[in-house]
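J.: Questions regarding the structure given below will be posed in turn.
The values are calculated or read from the model by the stated rules, or taken from the named source; none is laboratory data. Keep in mind that what you see is a predicted model, and the values were worked out from it rather than measured. When we count neighbours, we look across all protein chains shown, and the Cβ atoms used for this are built from the backbone with ideal geometry, even at glycine.
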Amino acid sequence: MAKIILTHEVAGLGTAGDIVDVKDGYANNFLVPRKLATPWSAGAEKSIDAMRKARRGRELASIEDAQAARDSLQSNPVTVEANAGPSGRLFGAITTTEIAAAIGARALVDKRRIQIGQPIKALGDYQVKVSLHHGVVATVDVKVVAAS
(Lines give C-alpha, C1' and ligand atoms only; values in the text may rest on other atoms or scores of the structure.)
Protein backbone atom coordinates (compact mmCIF):
# COMPACT_ATOMS: atom_id res chain seq x y z
CA MET A 1 0.00 0.00 0.00
CA ALA A 2 1.21 3.49 -0.85
CA LYS A 3 0.46 6.55 1.21
CA ILE A 4 -0.32 9.55 -1.04
CA ILE A 5 -1.63 13.11 -0.82
CA LEU A 6 -4.44 13.98 -3.20
CA THR A 7 -3.87 17.22 -5.12
CA HIS A 8 -7.27 17.16 -6.85
CA GLU A 9 -10.66 15.69 -6.07
CA VAL A 10 -10.86 12.02 -7.07
CA ALA A 11 -14.30 10.41 -7.13
CA GLY A 12 -14.62 7.65 -4.57
CA LEU A 13 -11.28 8.46 -2.97
CA GLY A 14 -11.31 11.98 -1.52
CA THR A 15 -10.68 15.66 -2.08
CA ALA A 16 -7.53 17.74 -2.43
CA GLY A 17 -5.40 17.64 0.69
CA ASP A 18 -6.60 14.25 1.89
CA ILE A 19 -4.03 11.63 2.82
CA VAL A 20 -5.10 8.19 1.61
CA ASP A 21 -3.68 4.70 1.30
CA VAL A 22 -4.04 3.10 -2.13
CA LYS A 23 -2.45 0.16 -3.89
CA ASP A 24 1.01 0.81 -5.30
CA GLY A 25 -0.03 0.25 -8.92
CA TYR A 26 -2.97 2.67 -8.69
CA ALA A 27 -0.71 5.35 -7.23
CA ASN A 28 2.27 4.82 -9.54
CA ASN A 29 0.41 4.17 -12.79
CA PHE A 30 -2.65 6.42 -12.52
CA LEU A 31 -2.78 9.03 -9.77
CA VAL A 32 0.79 10.36 -9.73
CA PRO A 33 1.36 10.53 -13.55
CA ARG A 34 -1.92 12.43 -13.99
CA LYS A 35 -0.91 14.81 -11.17
CA LEU A 36 -3.97 13.88 -9.13
CA ALA A 37 -1.75 12.95 -6.19
CA THR A 38 1.79 13.19 -4.87
CA PRO A 39 3.70 10.65 -2.83
CA TRP A 40 3.61 11.17 0.91
CA SER A 41 6.73 12.66 2.49
CA ALA A 42 7.53 13.92 5.94
CA GLY A 43 7.78 17.55 4.73
CA ALA A 44 4.40 17.48 2.99
CA GLU A 45 2.40 18.82 5.94
CA LYS A 46 2.80 22.45 4.81
CA SER A 47 1.53 21.69 1.32
CA ILE A 48 -1.44 19.82 2.77
CA ASP A 49 -2.34 22.80 4.94
CA ALA A 50 -2.00 25.18 1.98
CA MET A 51 -4.28 22.98 -0.17
CA ARG A 52 -6.90 22.79 2.57
CA LYS A 53 -6.80 26.55 3.06
CA ALA A 54 -7.18 27.17 -0.69
CA ARG A 55 -10.06 24.67 -0.87
CA ARG A 56 -11.84 26.40 2.01
CA GLY A 57 -11.45 29.73 0.22
CA ARG A 58 -13.03 28.32 -2.95
CA GLU A 59 -15.95 26.69 -1.19
CA LEU A 60 -18.92 28.69 -0.16
CA ALA A 61 -18.90 29.57 3.51
CA SER A 62 -21.89 27.56 4.66
CA ILE A 63 -24.66 25.30 3.53
CA GLU A 64 -27.13 28.20 3.73
CA ASP A 65 -25.03 30.24 1.29
CA ALA A 66 -24.75 27.22 -1.01
CA GLN A 67 -28.52 26.68 -0.93
CA ALA A 68 -29.13 30.35 -1.74
CA ALA A 69 -26.67 30.14 -4.64
CA ARG A 70 -28.36 26.93 -5.82
CA ASP A 71 -31.76 28.62 -5.85
CA SER A 72 -30.35 31.58 -7.78
CA LEU A 73 -28.64 29.35 -10.35
CA GLN A 74 -31.66 27.11 -10.86
CA SER A 75 -34.07 30.01 -11.33
CA ASN A 76 -32.03 31.85 -14.00
CA PRO A 77 -30.64 30.12 -17.09
CA VAL A 78 -27.01 30.73 -18.08
CA THR A 79 -26.28 31.91 -21.63
CA VAL A 80 -23.05 30.88 -23.37
CA GLU A 81 -22.09 32.30 -26.77
CA ALA A 82 -20.17 30.13 -29.22
CA ASN A 83 -19.22 30.09 -32.89
CA ALA A 84 -21.49 27.82 -34.90
CA GLY A 85 -22.02 26.79 -38.49
CA PRO A 86 -25.25 27.34 -40.44
CA SER A 87 -26.65 24.01 -39.26
CA GLY A 88 -26.23 25.00 -35.60
CA ARG A 89 -23.27 22.72 -34.97
CA LEU A 90 -20.53 24.32 -32.87
CA PHE A 91 -16.89 24.66 -33.91
CA GLY A 92 -15.65 22.68 -30.93
CA ALA A 93 -17.53 22.03 -27.70
CA ILE A 94 -18.65 24.04 -24.70
CA THR A 95 -16.28 23.40 -21.81
CA THR A 96 -16.72 23.61 -18.07
CA THR A 97 -14.44 26.67 -18.10
CA GLU A 98 -16.86 28.56 -20.35
CA ILE A 99 -19.83 27.57 -18.19
CA ALA A 100 -18.00 28.60 -15.00
CA ALA A 101 -17.19 31.98 -16.58
CA ALA A 102 -20.86 32.49 -17.51
CA ILE A 103 -21.99 31.55 -13.99
CA GLY A 104 -19.22 33.67 -12.38
CA ALA A 105 -21.36 36.77 -11.83
CA ARG A 106 -23.90 34.89 -9.69
CA ALA A 107 -21.79 32.44 -7.69
CA LEU A 108 -18.17 31.45 -7.25
CA VAL A 109 -18.00 28.09 -9.02
CA ASP A 110 -14.91 25.99 -9.63
CA LYS A 111 -14.87 24.47 -13.13
CA ARG A 112 -13.97 21.07 -11.67
CA ARG A 113 -17.30 20.99 -9.85
CA ILE A 114 -19.35 21.26 -13.06
CA GLN A 115 -20.58 17.99 -14.57
CA ILE A 116 -21.70 17.92 -18.19
CA GLY A 117 -23.68 14.76 -19.02
CA GLN A 118 -23.16 14.75 -22.80
CA PRO A 119 -20.69 16.93 -24.73
CA ILE A 120 -22.31 20.20 -25.78
CA LYS A 121 -21.59 20.45 -29.51
CA ALA A 122 -24.69 22.21 -30.90
CA LEU A 123 -26.83 25.27 -30.25
CA GLY A 124 -29.73 24.72 -27.86
CA ASP A 125 -30.71 24.22 -24.25
CA TYR A 126 -28.84 21.87 -21.93
CA GLN A 127 -28.71 21.02 -18.23
CA VAL A 128 -25.52 20.67 -16.20
CA LYS A 129 -24.98 19.81 -12.56
CA VAL A 130 -22.91 22.07 -10.31
CA SER A 131 -21.70 20.88 -6.91
CA LEU A 132 -21.73 23.95 -4.68
CA HIS A 133 -21.11 22.36 -1.29
CA HIS A 134 -21.10 18.86 0.15
CA GLY A 135 -24.66 17.65 -0.47
CA VAL A 136 -25.81 20.79 -2.34
CA VAL A 137 -26.06 20.28 -6.10
CA ALA A 138 -27.67 22.74 -8.52
CA THR A 139 -29.13 21.75 -11.88
CA VAL A 140 -28.38 24.72 -14.12
CA ASP A 141 -30.05 25.39 -17.46
CA VAL A 142 -27.44 26.38 -20.07
CA LYS A 143 -28.58 28.07 -23.25
CA VAL A 144 -26.01 27.94 -26.06
CA VAL A 145 -26.49 30.71 -28.63
CA ALA A 146 -24.56 31.69 -31.74
CA ALA A 147 -21.95 34.39 -31.22
CA SER A 148 -22.84 37.64 -32.94
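J.: So which pairs qualify, if the first residue must be in segment 31-48 and in the same structural domain as Gly14 (by TED's automatic domain parsing), the second must be at pLDDT 90 or above and assigned to a helix (DSSP H, G or I), the Cβ gap must be under 8 Å, and the two must be at least 6 apart or on different chains?
T.: That search, which allows pairs on different chains as well, returns Leu36/Phe30; Ala37/Ala27; Ala37/Leu31; Pro39/Ala27.
J.: Additional query: Please go through segment 55-79 and pick out each residue that is loosely packed, with under 12 Cβ neighbours inside 10 Å and modelled with pLDDT under 75.
T.: Arg56, Gly57, Ala61, Ser62
J.: Restricting segment 6-36 to residues that are crowded, with 17+ Cβ neighbours inside 10 Å and modelled with pLDDT of 90 or more, which is farthest from Arg112 (Cα to Cα)?
T.: Here the answer is Val22.
J.: Additional query: Quick one: which residue in Asp125, Asp71 is more than 25 Å from Gly14 (Cβ to Cβ) and in a helix (DSSP H, G or I)? Steps first, answer last, please.
T.: Numbers: Asp125 fails: in a helix (DSSP H, G or I).
That would be Asp71, the only listed residue that is more than 25 Å from Gly14 (Cβ to Cβ) and in a helix (DSSP H, G or I).
J.: Which count do you get for residues in segment 80-107 that are within 19 Å of Ser131 (Cα to Cα), touching a Lys or Arg at 6+ places or on another chain (Cβ under 7 Å) and exposed (fewer than 14 other Cβ atoms within 10 Å of the Cβ)? Don't jump to the end; show me each part of the working.
T.: Step one: filter segment 80-107 for residues within 19 Å of Ser131 (Cα to Cα), giving 94-107.
Next cut, touching a Lys or Arg at 6+ places or on another chain (Cβ under 7 Å) only: 96-97, 100.
Within this subset, residues satisfying the condition of being exposed (fewer than 14 other Cβ atoms within 10 Å of the Cβ) are 97.
Final tally of qualifying residues: 1.
J.: May I pose another question? Have a look at Ile120, Ile99 and point out the one that is under 12 Å from the mean Cα position of the chain (by Cα) and farther than 24 Å from Gly12 by Cα. Break it down stepwise before answering.
T.: Details: Ile120 fails: under 12 Å from the mean Cα position of the chain (by Cα).
Result of the check over Ile120, Ile99: Ile99.
J.: I'd like to verify a number: residues in segment 98-122 that are modelled with pLDDT of 85 or more, touching a Ser or Thr at 6+ places or on another chain (Cβ under 6 Å) and outside any helix (DSSP H, G or I), how many?
T.: Count: 1.
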